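Enquirer: Quick one: the structure is below, questions incoming.
Since every read-out is calculated from the coordinates, none of them should be taken as a lab result. Just so it is clear, the structure is predicted and the values come from calculations on it, not from any experiment. We place every Cβ from the backbone using ideal geometry, glycine too, and count neighbours over all the protein chains shown.
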């Protein structure tokens with residue numbers, strides 16, 4: 001006699017698969033989120049956005065907070081069990097217990113945004129075990145959407161990008177804090193370009209090859225760097241400490257020392273010049 005189906009033991013439910021297991025899927029969600037966030041920031045600027053100074057004298061605007069909230073609500077829907085780290089959110093120690101963390105800068109280059117400049121952006125990344133695996137950066141004024149996937153390359157508006165192949169400092173286009181540029185001047189005939197106020201966008205210009213090299217002063221934060229870091233690496237460039245080490249994200253203090261970014265060929269001589 002066959003067993004009645006109703007009498008059979010019910011097998012345990014298999015755990016649900018993570019819909020963002022594929023970094024490319026996560027990157028697609030990040031791209032949609034930063035574009036939507038950029039539209040919010042632009043609309044708020046047109047309406048006249050209020051600003052004030054934070055405890056460290058850096059500016060913040062109503063748009064920073066609105067975009068931060070929007071990104072958190074949107075990304076938490078698709079990755080609710082992930083940690084969260086953002087410039088405009090009170091840090092939550094629980095992020096340190098998570099393998100995966102959303103790292104977000106609602107507006108990178110707030111001073112540029114407040115001044116009506118083009119060199120600001122919205123950026124967001126998904127970090128796994130301390131390194132970014134998916135990232136997106138959107139510059140609304142110039143309508144540039146950068147996307148990077150670990151092992152999958154980097155694009156701008158759908159087209160693959162590649163870091164500079166410049167082998168030395170002669171004629172190299174460089175951007176960053178003046179002390180670094182002064183070191184470069186003594187080492188070769190590099191060309192200083194107009195300062196890009198958003199650190200993330202500065203590194204993205206290395207990823208596209210528009211800059212051969214870019215520098216960052218000490219105290220850059222995870223949210224300034226995570227998405228741009230993946231962009232430049234997937235474009236064949238490098239972003240490291242002055243000791244040549246890659247950055248580790250989601251540490252208890254999510255802050256970094258002085259940094260250098262460039263095409264891979266230029267990187268060793270560039271580091272020698274600024275040490």
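Enquirer: On a 0 to 90° scale, report how tilted helix 23-47 is relative to the longest principal axis of the chain, with both axes built from alpha carbons and the result rounded to the nearest 10.
Expert: It is inclined by approximately 60 degrees.
Enquirer: Still on this model: What does the C-alpha gyration tensor say about the overall shape of the range 135-256? Classify as rounded when a/c is under 1.5, otherwise prolate if a/b is larger than b/c, or oblate.
Expert: Because a/c hits 1.5 or more and a/b fails to exceed b/c, the range 135-256 counts as oblate.
Enquirer: Rounded to the nearest 5, what % of DSSP beta bridges with both residues in the chain are antiparallel?
Expert: Of the beta bridges lying entirely in the chain, close to 85 percent run antiparallel.
Enquirer: Stretched out fully, how many nm does the piece from residue 50 to residue 94 gain, at 0.36 nm a residue minus the Cα gap?
Expert: Working it through step by step, the gained length comes to 12.7 nm.
Enquirer: Taking the chain as a Gaussian network, where each spring joins two C-alpha atoms under 10 Å apart, which residue of 142, 61, 241 fluctuates the most?
Expert: 142
Enquirer: How would 90, 127, 141 line up from fewest to most surrounding beta-carbon atoms within 10 angstrom?
Expert: Neighbour counts put them in this order, fewest first: 90, 141, 127.
Enquirer: While we're looking at this one, here's another question. If each residue's Cβ is checked for other Cβ atoms within 10 Å, how do 212, 185 rank with the fewest at the top?
Expert: Going from sparsest to densest Cβ surroundings: 185, 212.
Enquirer: I would also like to ask the following. Taking a ≥ b ≥ c as the square roots of the eigenvalues of the Cα gyration tensor of the range 228-275, is the shape rounded (a/c under 1.5), prolate (a/b larger than b/c) or oblate?
Expert: Since a/c reaches 1.5 but b/c is at least a/b, the shape of the range 228-275 is classed as oblate.
Enquirer: Could you let me know the centre-to-centre spacing of the range 164-206 and the range 111-126, using Cα atoms, in angstrom?
Expert: Distance between centres, Cα-based: 20 Å.
Enquirer: If you don't mind, another one. Helix 62-78 versus the longest principal axis of the chain: what angle, 0 to 90°, nearest 10, using Cα atoms?
Expert: Long axis of 62-78 versus the principal axis of the chain: about 40 degrees.
Enquirer: Counting only helical runs of four or more DSSP H residues, what would the 222 nm mean residue ellipticity of the chain come to if each run contributes -39,500 (n - 2.57) and the total is spread over all its residues?
Expert: It lands at -10000 deg cm²/dmol.
Enquirer: Tell me the angle of helix 199-208 to the major Cα principal axis of the chain, expressed in degrees between 0 and 90 and rounded to the nearest ten.
Expert: 90
Enquirer: Using only the Cα atoms of the range 23-160, build the gyration tensor, take square roots of its eigenvalues as a ≥ b ≥ c, and label the shape rounded, prolate or oblate: rounded if a/c is under 1.5, else prolate if a/b is larger than b/c, else oblate.
Expert: Since a/c reaches 1.5 but b/c is at least a/b, the shape of the range 23-160 is classed as oblate.
Enquirer: Restricting to the range 173-274, what percent of DSSP beta bridges are antiparallel, rounded to 5?
Expert: 75
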